[in-house]
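Undergrad: Have a look at the structure that comes next, please.
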Amino acid sequence: MAGNGGIIGPVNTVTASQAELVTTFNASATFTTQPRTSTADYLVVAGGGAGGSNPGGCNDGGGGGAGGYRTSGYGPAPLQGSALPLSGATGYPITVGGGGATTPNCAPGGSGGISVFSSITSDGGSGGVSRSGPGAAAGGSGGGASTPGAGVPSPNAGAGNTPPTSPPQGNEGGGGSNSTPNRSGGGGGGVGGNGGYGSYVSCGTGGAGGAGACNAITGSCVNYSSGGGGGGAGAQGAAGGSSSTAGSGGPGVANTGGGSGGSGNGAGGPGVVIIKEPALGGIAPGVWQMNTVYQHVKDGNWV
């Protein structure tokens, strides 16, 4: 027991304040929370898919789908979930998905890897379709379709938001043309919208990649999870790879989960995990000494 300026009671220790902390993971690791953290905001982006490889000819490979995008805030409102409950001073394994790998000529692009933080999992974007098919797999966002030749139906574009999350983590890829002649690829899907369809003309323009989403969890707005453009001059999404008229699809932007452009040799962009712990003021439990109150007010720890 101790004297407290006329009040008799136990001596209690004032807990110091805890600063806001943003931690970015560009590769898999372990995240340890600060001691008093009980909730945190997050951005979990999976790896983007690679475009379907079909260089030469009409360059009609589909664009790679964007990596799945899941966040608790700092982005477009329809795409935001809730802050994640955590236990202070606990280590959490972090998985950051790699970008989908490039593939040999006339083969579908590789799918991106998953990203994981605690109970939040984002699925990798699926690879774009090559001229010879098969259709694109489902993923965080779907890969774009291609076309095998005049008069032959286009393989299917990939479905997005797979497995399903709420809010959705991505969208479907764009289809290739299915008219005669049908020589252009579709764009990959992005979290902000579906991929665009290829044009219905011989060696026409590939579909645009689906748009991404701008997120400011790090303090500045960065675009994440955009699909790659389809082969034959397909436009990129906000952070995906584009395809030129020569069919050399550019890679997805690193650590944004961007899909690569179609008909080239560009890999998908690796994903990222970003965690933001809130600032917390000092705590004074129960009864405290008067000189302790004075000192913590002076030091700016008192709330």
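Undergrad: Counting only residues that are closer than 24 Å to Gly192 by Cα and crowded, with 16+ Cβ neighbours inside 10 Å, how many does the stretch 102-122 have?
TA: 13
Undergrad: If you don't mind, another one. Any idea which residue in the stretch 24-62 is modelled with the lowest pLDDT, counting only those that are of a type in the set (A, V, I, L, M, F, W, C) and surrounded by 20 or more Cβ atoms within 10 Å (Cβ to Cβ)?
TA: Ranking the candidates gives Cys58 first.
Undergrad: Here is a further query. Go over the candidates Ser82, Ser146, Ser72 one by one and state the one that is farther than 30 Å from Asn59 by Cβ and over 13 Å from the mean Cα position of the chain (by Cα).
TA: Ser82
Undergrad: Look through Thr245, Thr205 and report the one residue that is modelled with pLDDT under 65 and in a loop (DSSP other than H, G, I, E, B).
TA: Thr245
The values are calculated or read from the model by the stated rules, or taken from the named source; none is laboratory data. None of these values were measured; they are calculated from a predicted model. Using ideal geometry, Cβ is built from the backbone for each residue, glycine included, and neighbour counts are taken over all protein chains shown.
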